[in-house]
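**Q** The following block contains the structure, expressed as structure tokens.
FYI, it's all coordinate maths here, none of it is from the lab. For clarity, every value in this text was computed on a predicted model and none was experimentally measured. In this analysis, Cβ positions are derived from the backbone assuming ideal geometry, glycine residues included, and neighbour counts consider all displayed protein chains.
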Amino acid sequence: MKRRTSLQMAFTGMGASVLSEIQPWMLSAASSANPLSPKTPHFAPKAKRVIFLCMNGGPSHVDTFDYKPSLIKDHGKKSRYGRELLKPVVPFKQRGKSGIWISDLFPELSKQADDMCLVRGMHCNGPNHPQAMTQLHTGNFQFVRPSLGAWILYGLGTANDSLPGFITINPSRSAQNFGSAFLPAIYQGTKINSGGGRRAPQGSQEFPDISNARLNDKDQRSQLEFIQKLNKGSLKKYKEHAGVEGMIESYELAYRMQSAMPEVMKVDDEPQKVKDMYGIGSGPADTFGRQCLLARRFAESGVRFIEIATGNWDHHANLDTSLQATTEAIDKPMSGLIEDLKRKDMLKDTLIVWGGEFGRTPDSVRGNGRDHNPKGFTTWMAGGGVKGGMSYGGTDEHGFESVEGRCHIHDWHATMLHLLGLDHEKLTYNYGGRDFRLTDVYGTVAKKIIS
């Protein structure tokens, strides 16, 4: 492009202001087709959408979903690392017809045991929170890579052109965990602050800049049509401009969202019996219950990937009291989410995934706490083509590291993509002269958990 042409485009019409004011998640690569349109998967999918319940801080697997009789028997003895072994803070029981072991910390969730698959052979590469959380979301803890949700949206598109295809509720501070990196930016997650954030009142949902207080709908439509006319004129005149077509699509999506998004977010319009199912209204479960119900409403409306980040599972001390408080806030909402999806006949094609960045050590820190443990931990899945009422893989007798059915983060990602009908080796994007994928050069699908 000539220098004169570049200056004309920068300072003529609305070009400069449009490019500076547009929200980052609206940008996309130039394309004559909507980049968010539904796409055909590689093969017939089991699941159509994902709800990821992300637990910040590293949940203790040996206190929640990984039953270790030897840890109870050897309580107080020295571990292989010289510290005292610490038994689970509450008892475990066999649940449902399947008899899978779940801690008493989850009395409500345990009722859904026959729909849950406990993936107990998880492991990752690092013991530090930021790096492990980044690997959980992107498959890589060293370099900036697209997030899981961005890859899924890129691979499948979305079923509702009036809502973002990837929504993250109360995300972590690191934008990398819901970012698109080198994928077109329209695939990154759209943030929603929900339930007691710094700017949002307790239990509310906040989506910034969703309304226009200065213009009514008719005037705003006129303004948008004028801007789009300028954009299309610019596109016709300067064919080298790589972002204008994506900008046109993005403005239309943003306009449609102004009416669609607030309507979907009206959680209080749900019947009282549904809100009761999630624990909404009182007690510690209210905030997470609202978020889970909101996730169901987004899923029902065609959003492809919804993540809810919650909790502080970094229990180095006061394990007996702090762990109880953490689980009380999520137990009933998670049970309600599974039950509600079944009621709506959506669980069969909605994949629910629960997990944190790593687990905790079976031996104690400061007498009543556990340290970080990337060598072995548990996640669980439900719905979306996953076998219910089963445990897959396992750690050693005390729970230090995975020894059977080992499932690395790459395997975990490959399995999720497979359930969505995506071959993790074929879902690639060319950048910098090479094809990248979510699982890098690794990943094995855990076929034994697929129904």
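**Q** What's the extension gain from Glu300 to Val441 if we count 0.36 nm per residue and subtract their Cα-Cα distance? Could the numbers behind the result be given before it?
**A** Numbers: separation 141, 0.36 × 141 = 50.76 nm, distance 3.41 nm.
Full-extension gain reported as 47.3 nm.
**Q** What nm distance separates the two modelled labels at Gln142 and Lys229, each placed 7 Å from Cα along Cα→Cβ?
**A** Spacing of the two 7 Å Cα→Cβ label points: 5.5 nm.
**Q** Something else: For the pair Lys218/Ser451, report the inter-label distance in nm, with labels modelled 7 Å from Cα in the Cβ direction.
**A** 5.2
**Q** On a straight-distance basis, which lysines could pair with Lys73 in a cross-link, Cα separation under 18 angstrom, same-chain partners fewer than 8 positions away excluded?
**A** Lys87, Lys93
**Q** Full-extension gain between Asp269 and Thr40, please, as 0.36 nm times their residue separation minus the C-alpha to C-alpha distance.
**A** Taking 0.36 nm per residue and subtracting the Cα distance, the gain is 79.0 nm.
**Q** Tell me, what ³J(HN,Hα) does each residue in the range 439-451 have, in order and in whole Hz, if you take phi through Karplus 6.51 cos²θ - 1.76 cosθ + 1.60 with θ = phi - 60° and put x for Gly and Pro?
**A** Ordered by residue, 3J(HN,Hα) equals 8, 6, 10, 10, x, 10, 5, 7, 5, 5, 9, 8, 6 Hz.
**Q** Order 94-105, 432-443 from most to least packed using the mean count of other Cβ atoms within 10 Å.
**A** Details: 94-105: 18.2, 432-443: 14.8.
Top to bottom by mean Cβ count within 10 Å: 94-105, 432-443.
**Q** Follow-up question, since we're still on this one. Among Lys266/Lys342; Lys97/Lys275; Lys342/Lys387, which pairs are too far apart, with a Cα-Cα distance over 24 Å?
**A** Working: Lys266/Lys342 21 Å; Lys97/Lys275 27 Å; Lys342/Lys387 15 Å.
Those over the limit are Lys97/Lys275.
**Q** Taking the square root of 5 times each eigenvalue of the Cα gyration tensor, what semi-axes in Å does the equivalent ellipsoid of the range 45-164 have, largest first? Kindly include the intermediate steps, with their values, before the conclusion.
**A** Working: eigenvalues 223, 100, 21 Å².
Calculated on Cα positions only, the semi-axes equal 33, 22, 10 Å.
**Q** Restricting things to alpha carbons, tell me how big the range 297-451 is in terms of Rg and Dmax, in Å.
**A** Calculated on Cα positions, Rg and Dmax stand at 17.7, 52 Å.
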